[in-house]
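The values are calculated or read from the model by the stated rules, or taken from the named source; none is laboratory data. Just so you know, these numbers come straight off a predicted model, no measurement behind them. Don't worry about glycine lacking a Cβ; one is built from the backbone with ideal geometry, like all the others, and counts go over all protein chains shown.
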Amino acid sequence: MKMTKYIFTIIVVAGLLAFLIYRLTPRSSGSGAVQQGTDTQTNDNSQMQPAAAHSSVPSFDLRNLQGNDMQLQSYKDKLILVNFWASWCGPCNEEAPSMESMYEQFHKQGLVVVGISIDHQVSQVKKFVKQYSITFPVLLDTDESVASSYGITGVPETFILDKNYKLIKHIIGPIDWSSPNVTEYLSALIKDEQ
């Protein structure tokens, strides 16, 4: 009887460890996924480094909140920032105000910000957009197919793309988009793309 409990306990612990390892290990979903390379998480105190290779990212065709279809190619000859987020994500809520502020600062200079929500409920997306007065385009990835094709492992994740849709930077986690080091970095990228 004691041996059975011991074996059962070992099986349960091993199962929990396997689950944790699976959840915490970055995954990509097939050949179309964006590879992270040696890129590391960015925060306010770190410097942004360029992506290891200027790889192509998957295209997408998603609906916006007005019901119109939008494709990645809709944003031709622009520096593009694609941000995956969800309304239930605490770090996404923290990041949203600075992202909107950054968008207001740079969109007239040629920066495109595209928010892709992985929420399953459109009503939650609309509530989030209203709460943070978001003016940049928000697209709906309710089945998470585009998020999967980009190989995201959580939200928020951001991909900065050049005017040819090549990856410049992959950022995992939230950052303060209005911090001086980030605005200087984006300003330099915008100049390079013109």
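Any residue in the range 142-153 that's in a helix (DSSP H, G or I): show its pairings with residues that are small (Gly, Ala, Ser) at Cβ separation under 6 Å, as long as the two are six or more apart or on different chains.
Pairs found: Ser148/Ser29; Ser149/Gly32.
Given the conditions (1) crowded, with 19+ Cβ neighbours inside 10 Å; (2) of a type outside the set (Gly, Ala, Ser); (3) free of Cβ contacts under 8 Å to residues at least 60 places away in the same chain, and given that Gln121 satisfies all but one, which numbered condition is not satisfied?
Among (1) crowded, with 19+ Cβ neighbours inside 10 Å; (2) of a type outside the set (Gly, Ala, Ser); (3) free of Cβ contacts under 8 Å to residues at least 60 places away in the same chain, the lone unmet condition for Gln121 is (1).
In the range 113-136, is there at least one residue being touching a Lys or Arg at 6+ places or on another chain (Cβ under 7 Å), outside any helix (DSSP H, G or I) and at pLDDT 95 or above?
no
Taking the criterion of being in a loop (DSSP other than H, G, I, E, B) and among the polar types (S, T, N, Q), would at least one residue in the range 97-106 satisfy it?
Among the residues of the range 97-106, not one is in a loop (DSSP other than H, G, I, E, B) and among the polar types (S, T, N, Q), which makes the answer no.
Among the residues of the range 139-155 satisfying the criterion of being over 20 Å from Pro91 (Cα atoms) and not small (Gly, Ala, Ser), which is surrounded by the most Cβ atoms within 10 Å (Cβ to Cβ)?
If we take residues in the range 139-155 being over 20 Å from Pro91 (Cα atoms) and not small (Gly, Ala, Ser), then Val146 is surrounded by the most Cβ atoms within 10 Å (Cβ to Cβ).
Any residue at all in the range 132-141 that is of a type in the set (S, T, N, Q) and under 16 Å from Glu104 (Cβ atoms)?
yes
For the range 79-97, name all the residues that are crowded, with 17+ Cβ neighbours inside 10 Å and not aliphatic (A, V, I, L, M).
The answer is Asn83, Phe84, Trp85, Ser87, Cys89, Cys92, Asn93, Glu95.
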